[in-house]
Amino acid sequence: MRLNGTMRVNKKGHLEIGGCDTVDLAGKFGTPLYVLDEDCFRDICRDYNSSFTRKYNAEVIYAAKTLLNLAVCRMVDEEGLGLDVVSGGELYTALKAGFPEERIYFHGNNKSPGELDMALKAGVGRFMVDNMYELELLERLAGKCGQKARVMLRLTPGVEAHTHEYIKTGQIDSKFGLVIENGQAMQGVKRTLEMNNVELKGLHCHIGSQIFELSSYSYTAEVMMDFAGRVYRETGYCVEELDLGGGLGIYYAEGDRPGSVQDYAGIVMEAVLEKAAHCGIPVPKVLVEPGRSISGPAGTTLYTLGAIKDIPGIRKFVAVDGGMCDNPRPALYQARYEACLANKVGEPPAEVVSVAGKCCESGDMLIWNIELPAAEPGDILAVSCTGAYNYSMSMNYNRLPRPAMVLVNGGRADLITRRESYEELVKNDLMPEKLAKK
Ligand code: LLP
């Protein structure tokens, strides 16, 4: 397993994160346990700040959907990043944490009137408007509140990014955004410019996630800038802000080769500057919305090994006390992860095993064919790079309580999300009178 952030092997031969022995963490807080490396999280925020903000005056907005709780909000705020939220729940969390409203960007392809109202009352910085229905709804609701909502329009640029490649499909079959190619995007811009309660601040797109091929970003920036040039020529409106979304890939396992934040910034900004000169328009303020590349490497999940099932000549399964409920990514996307035995990191590999979850579903496998030291029940398995889209996509299938999360730094571990209790699992269940046990 590749060591991220502050991970190291201590004198006992145990995995340490943030100066905390992970075997002790498992003992103290129980497993499964999400461990968040504070220095690692903040260092990546700082890398984004120095590569984008200080160098190019661009803005960095953390994608809350990857990992959010009150403590994470505060760290993002302290690091000076903006926050991309996509629901009333994420917005509520941000507001509860006292996140500055003006640095909140409200995304989503089907924001409800209630959510829009909540965001208007809170005074969020930007509404990332996805479609004409939302635009008209926002115009009405903002009017009612006597507010002018500042919006950016989400566009479909016709670029489909995959991990290793991107496709200039002119692909318009997406649930997100107004399509450039068929004229909807221009229509949206023109309509927004006529509105009284909505002010157009700029344009936005997002081409995908876990992207390794940085040229997909420069191509996207060019498409968006060309469109900004056309907008200027047709309407006289100068795009002030250009939000190019998130998506920078990270290393999960052998074979993953992500680009660096610095290279990403250089490629994006060069394309924007060049196109601005070419189209004869002022350089817009650029925004990026990284999520996975900030929270992913900072997270590790600890499990306790239980049942071990050996099928000689076929496979050895080692089962953990969590699985698809705390990390649905392998089941959903065939995502790959690396892991080690936290209490035996110093020991050489002895066998190839497959890590199974505990859910009643054959597809609940976390890792296929991984080399580990001889595994025994009670060993602590640490799976790395689980900071993004793990806790945020966790669920209660089989009524498994969601794990706790600790923030580790300098030998100290602070509980930042409590483990769900059985009591909490039934707290929303109601017993109708006719079924009540007499
Ligand atoms: N901005 C927008 C508008 C997005 O839709 C997303 C992610 C991001 C930013 C952040 O992208 P990131 O930097 O994290 O790649 N659940 C999937 C990933 C879904 C991505 C959704 N949008 C997974 O676990 O791989």
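Quick check: anything in the stretch 115-132 more than 24 Å from the chain's Cα centre (by Cα), under 26 Å from D226 (Cα atoms) and surrounded by fewer than 21 Cβ atoms within 10 Å (Cβ to Cβ)? Yes - at least one qualifying residue is present in the stretch 115-132. Pairs, please: C-beta under 8 Å, at least 6 apart or cross-chain, first residue of a type in the set (D, E) and in the stretch 317-332, second within 16 Å of the ligand (Cβ to nearest atom)? Listed pairs, sorted by first residue: D326/Y34; D326/T301; D326/N390; D326/Y391; D326/S394.
Would you pick out the residues in the stretch 148-169 that are more than 13 Å from the ligand (Cβ to nearest atom), surrounded by 15 or more Cβ atoms within 10 Å (Cβ to Cβ) and not in a strand (DSSP E or B)? Listed by number, the residues that qualify are G158, V159. Any residue at all in the stretch 269-291 that's within 15 Å of the ligand (Cβ to nearest atom), part of a helix (DSSP H, G or I), closer than 22 Å to H162 by Cβ and not aromatic (F, W, Y)? No; the residues of the stretch 269-291 include none that is within 15 Å of the ligand (Cβ to nearest atom), part of a helix (DSSP H, G or I), closer than 22 Å to H162 by Cβ and not aromatic (F, W, Y). Within the stretch 392-434, the residues that satisfy the criterion of being farther than 21 Å from C325 by Cα and either without any contact (Cβ under 8 Å) to a residue 24 or more places away in the chain or of a type in the set (K, R) (or both) are R412, L430, M431, P432, E433, K434.
The set of residues in the stretch 130-163 being within 18 Å of N110 (Cβ to Cβ) and hydroxyl-bearing (S, T, Y) consists of Y133, T156. Restricting attention to the stretch 210-220, the residues that are crowded, with 21+ Cβ neighbours inside 10 Å and touching a residue at least 60 places away in the same chain (Cβ under 8 Å) total 2. Determine whether E361 is more than 16 Å from the ligand (Cβ to nearest atom), among the acidic types (D, E), in contact with a Phe, Trp or Tyr (Cβ under 9 Å, 6 or more places away or on another chain) and more than 30 Å from T53 (Cα to Cα). Yes.
Checked against (1) away from the ligand (no atom under 16 Å from the Cβ); (2) part of a strand (DSSP E or B); (3) within 20 Å of A276 (Cα to Cα), Y219 passes all but condition (2). Residue count for the stretch 186-216 satisfying the condition of being within 16 Å of the ligand (Cβ to nearest atom) and of a type in the set (G, A, S): 4. Being away from the ligand (no atom under 16 Å from the Cβ), under 24 Å from G266 (Cα atoms) and out of contact with any strand residue (DSSP E or B) (no Cβ under 6 Å at 6 or more places or on another chain): is that true of R74 here? Answer is no for this residue.
Could you tell me whether M365 is hydrophobic (A, V, I, L, M, F, W, C), crowded, with 24+ Cβ neighbours inside 10 Å and either touching an Asp or Glu at 6+ places or on another chain (Cβ under 9 Å) or closer than 26 Å to P401 by Cβ (or both)? Spelling it out, it is not the case that M365 is hydrophobic (A, V, I, L, M, F, W, C), crowded, with 24+ Cβ neighbours inside 10 Å and either touching an Asp or Glu at 6+ places or on another chain (Cβ under 9 Å) or closer than 26 Å to P401 by Cβ (or both).
The criterion of at least 3 residues that are in contact (Cβ under 8 Å) with a residue 60 or more places away in the chain and under 23 Å from G247 (Cα atoms) is met by the following strands (runs of 3 or more DSSP E) wholly inside the stretch 12-121: 33-37, 59-63.
Computed from the coordinates by the stated procedures, all read-outs in this text should not be read as laboratory data. Note that the coordinates shown come from a computational prediction; the quantities given were computed from them, not determined experimentally. Neighbour counts are summed over all protein chains in view; Cβ atoms, including those assigned to glycine, are modelled from backbone coordinates with ideal geometry.
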